[in-house]
Amino acid sequence: MSEFLAVDLGATSGRVAIGRVDSDSISLDVVHRFLHEVIPQDDGSLLWDWDLILSEVFLGLREAIKTSSPISLAVDSWAVDFGFISPSNQYLPPIHAYRDPRNEIAYQALTKKIGKERIYSTTGIQFLPFNTIYQLYAARELAEYKSAAKFLMLPDLINFLLTQRLSTEVTNASSTQALNTRTREWDRELISLAGVRDDLFTELHEPGTLIGVVKGFDLLDGINVVATASHDTAAAIAGVPFTDRETEAYISSGTWSLVGVELDAPVTTPEAFAANITNELGVDGTVRALKNVTGMWILEECRRTWHAEGRDYEMPELLELAIEASSFTTLIDPNDSLFAPPGGMPQRIHTYCLDHGLTPPHSDGEYAICILNSLAHAYKKTLDEISAVTGRTITVIHILGGGSQNDLLNQLTANICRMTVKTGPVEATLYGNIAVQAISAGVVADLNAARTLIGNSFTSKVFHPA
């Protein structure tokens, strides 16, 4: 049996796990979980509590090493956010959160300056106001931007702290909208057109690369640091046990829902541009053709508001209320910018409905069923667009991540999309993280073999259209 450590950082929580790989399966032992959230500033900006995140990561790694003998460790996280490094190789705080309102202004200015067609022609990335290229543009007047030697995506920032190696992993780099998805190299011309400092961009590396060895962290010293697919969605898709990926799609369901298919090459046709399809890089030379759909964020924000008002729902109880309110049929667009900021989500939904001439929800159950039905319809619309652009006929959807445990949403998705839904793994990101390390170490032959092991490691539920 071979052991590996995995750090997985999501936009609201993180965990550290031990992955144990044997001849027929992969087992996971999550030794540490923690919550974190953005910190609003007086000027309206949003920052991550990076010191808290780092302390929790290192606490988890030190706990994991007590009961394991790992070959390596690897870090994945949410995409687009980054930190700066000084000329003397010191981290330069703070780290802005992608929901920071400054990014919308930068996005509008930069897309007007360069033109969306030019940006998409080489990057093939979905236009989102928080993509890294717009964040860098928004940061141009900040002291840390002016004094920095490099910027690093968050997993690479942790790798740097562990090993002092400055390098950027390509699956996360593709989310910056500054990478050429065909060459898998930085688009230096686009970076220049954007007026962003070219010298901030580091060399690139592929998943499976040995970054270095941990130094200066006591019990962790001497452990190999390996690049997994450091964008958490790329790691999650590496963990999908496809039977026939030519006819199968995935939905990585969490705060965001990432809806797409796995390809061997990017699709940057005019039709793909019109549909705003993203082409993010994956493991083993693959491409993830997908779109971001706002996921459980809307429902979780409602729960947070209701909790503050004294109605504290566990998810099973809330889903029962949704079922009781299933005759309520109003739909919202989950991707409307009104739902992007945190806070006051029920009122935002109410406002959206009034603005669009719709009947607003009145009970908490009606809010819940409205959100879940709207998500399922957004999935169908997105899958129809992806099918049209890629020429794929999709018959099966793999739903993975935390949202795969929501049986009501899974059944609604099967019903509305008219496709079979297979769930899991819940911990797809951890499985994918571990799988890439195991392939790098020579413990597993290749990605297909790793997916077979993952398929043997959990029990899936199947939902048929009703």
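What follows draws every value from the coordinates through simple rules; no lab data is involved. Predicted model, so just to flag it, every value in this text is computed and none were measured. For neighbour counting, all protein chains shown are included, and Cβ atoms are generated from backbone atoms with ideal geometry for every residue, glycine included.
Given contacts defined as C-alpha pairs under 8 Å and at least six residues apart, what's the relative contact order of the chain, whole-number percent?
16 percent
Calculate the spin-label point distance for SER23 paired with SER69, positioning each point 7 Å from the Cα along the beta-carbon direction, and give it in nanometres.
So the two model labels end up 2.0 nm from each other.
How far apart, in nm, are the 7 Å Cα→Cβ label points at LEU204 and LEU338?
So the label points at LEU204 and LEU338 sit 3.9 nm apart.
Ranked by Cβ crowding within 10 angstrom, fewest neighbours first, how are THR395, THR268 ordered?
Neighbour counts put them in this order, fewest first: THR395, THR268.
Along the charge dipole of the range 2-232, which of ILE119, SER68, ALA11 sits closest to the positive end, that is, farthest toward it, with unit charges on the beta carbon of Lys, Arg, Asp and Glu (+1, +1, -1, -1)?
Going by the Cα projections, it comes out as ILE119.
Once every DSSP H run of n ≥ 4 in the chain is given -39500 (n - 2.57) and the sum is divided by its residues, what mean residue ellipticity at 222 nm do you get, rounded to the nearest 500 deg cm²/dmol?
Using -39500 (n - 2.57) per qualifying helix, the result is -11000 deg cm²/dmol.
Expected output is a single nm value to one decimal: the length gained when fully extending between HIS464 and GLN405, i.e. 0.36 nm times separation in residues minus the C-alpha distance. What is it?
19.7 nm
If we count other beta carbons within 10 Å of each Cβ, what is the order of GLU309, GLU104, GLU427, GLU271, fewest first?
So the ranking, lowest neighbour count to highest, is GLU309, GLU271, GLU104, GLU427.
Per residue of the range 322-332, in order, report the coupling 6.51 cos²θ - 1.76 cosθ + 1.60 (Karplus, θ = phi - 60°) as ³J(HN,Hα) in whole Hz, putting x for Gly and Pro.
Ordered by residue, 3J(HN,Hα) equals 5, 4, 4, 9, 5, 6, 7, 10, 4, 10, 10 Hz.
Provide the net charge surrounding TYR91, with neighbours chosen by a C-beta distance below 15 Å and charges set as Lys +1, Arg +1, Asp -1, Glu -1.
Spelling it out: positives minus negatives among the neighbours equals -3.
Using the Cα centre of the chain as origin and beta-carbon charges of +1 (Lys, Arg) and -1 (Asp, Glu), tell me which of SER2, ASN276, TRP306 is placed farthest towards the positive end of the dipole.
ASN276
Which of the lysines could be linked to LYS422 by a straight reach, that is with a Cα gap under 21 Å, when you skip same-chain ones fewer than 8 residues away?
Here the lysines satisfying the reach criterion relative to LYS422 are LYS291, LYS380, LYS381, LYS461.
Would you work out the charge dipole size for the range 242-424 about its Cα centre, treating the Cβ of every Lys and Arg as +1 and the Cβ of every Asp and Glu as -1, and quote it to the nearest 20 debye?
240 debye
Arrange the following residues from fewest to most other Cβ atoms within 10 Å of their Cβ: LEU331, LEU281.
If I rank by nearby Cβ atoms, fewest first, I get LEU331, LEU281.
Can you tell me the dipole magnitude for the chain around its Cα centre, using point charges on the Cβ only (Lys, Arg +1; Asp, Glu -1), in Debye to the nearest 20?
Using only the charged Cβ atoms, the result is roughly 740 debye.
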